[in-house]
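Heads up: the structure comes next, in structure tokens.
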Amino acid sequence: MHEENDITTSPSGSQAHSARVYDYILGGKDHYEVDRAAGEASLRAWPGLRTSMLANRAAMRRMAHWLAAEAGVRQFLDIGTGIPTEPNLHQVVQGVDPQSRIVYVDNDPIVLAHADALMCSTPEGRTAYVEADMNAPDTLLAAPELRQTLDLDEPVALTVIAMLQFVQDAQGLVETLMEPLASGSHLAITLATADLADGSEALAAEYTRRGIPMYLRNRAEVERLFDRLELVAPGVVPMTSWRPADGEELPSTTTNMYAGVARKP
């Protein structure tokens, strides 16, 4: 899954793309030379990046499971899906309830090429893929695939995992995406910060230098993304501290991201 950005890149791979850099660092095969170079430079800037990315995947799975099992959400809208890495969100939530419905959104050609892997829904549920730019949320929300899969009059979990650090106006994007969702919907976020790990600012500078602008936010700025929503315990915390399983929690300084989940009243 995640780290998507707001840059449309060509299939030729002339521009590094955060989803493909993510794939490279995690040992995947779906990237170009420009992404490998960006990945190696990013690891030099902050060697803890791979550990943080793995922790982000684990946090996503915990959040998704909580949303399905504890909050009872059966519809999911995942923004900035990235290249599939099992277990994907639909596998987690359909493991709780096979009738769950999921819409994945991304704009990278390689992610589109892997969309079939995201369509492997249970017979009882449904998954769909929308190719769209997250910086055009009104267009995204009007996509036929989304409207045919999700009922926006019923609660939806909006998951925005390891993506908002690539959005300058994260507040505006979140508010626009949450506005049409029904009462009882939820917002789940992981987001990069310089508060936790030494090297985060050097990492952000390296991403930005390679054409992937990264905006780090402090805890107060992340908490503001949940304005007018009801934060779920434990609130906005280092992602390793968001409801970890016994023995799973890592020191917060090993990662560079906050996590939080909130409910729309």
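Filtering region 50-95 to residues that are surrounded by 24 or more Cβ atoms within 10 Å (Cβ to Cβ), closer than 25 Å to L141 by Cα, among the small types (G, A, S) and at pLDDT 90 or above leaves only A64. Look at (1) among the aliphatic types (A, V, I, L, M); (2) out of contact with any Ser or Thr (no Cβ under 7 Å at 6 or more places or on another chain); (3) outside any loop (DSSP other than H, G, I, E, B); (4) closer than 18 Å to V232 by Cβ and you find that A71 fails only one, number (3).
Examine region 232-253 for a residue that is assigned to a loop (DSSP other than H, G, I, E, B), hydroxyl-bearing (S, T, Y), closer than 25 Å to A157 by Cβ and touching a residue at least 40 places away in the same chain (Cβ under 8 Å), and state whether such a residue exists.
No, there is no match, as no residue in region 232-253 is assigned to a loop (DSSP other than H, G, I, E, B), hydroxyl-bearing (S, T, Y), closer than 25 Å to A157 by Cβ and touching a residue at least 40 places away in the same chain (Cβ under 8 Å).
Annotation: of all residues in region 74-104 being in a strand (DSSP E or B) and among the hydrophobic types (A, V, I, L, M, F, W, C), the one that is farthest from T127 (Cα to Cα) is I79. Taking the stated definitions as given, is R219 more than 16 Å from the chain's Cα centre (by Cα) and closer than 23 Å to E40 by Cα? No, not satisfied.
When residues of region 174-223 are filtered for being among the hydrophobic types (A, V, I, L, M, F, W, C), farther than 25 Å from A142 by Cα and in contact with a Gly (Cβ under 8 Å, 6 or more places away or on another chain), how many remain?
Qualifying residue count, region 174-223: 2.
The values are calculated or read from the model by the stated rules, or taken from the named source; none is laboratory data. Since we're looking at a predicted model, the values are computed, not measured. Please note: Cβ atoms are built from the backbone with ideal geometry, for glycine as well, and neighbour counts cover all protein chains shown.
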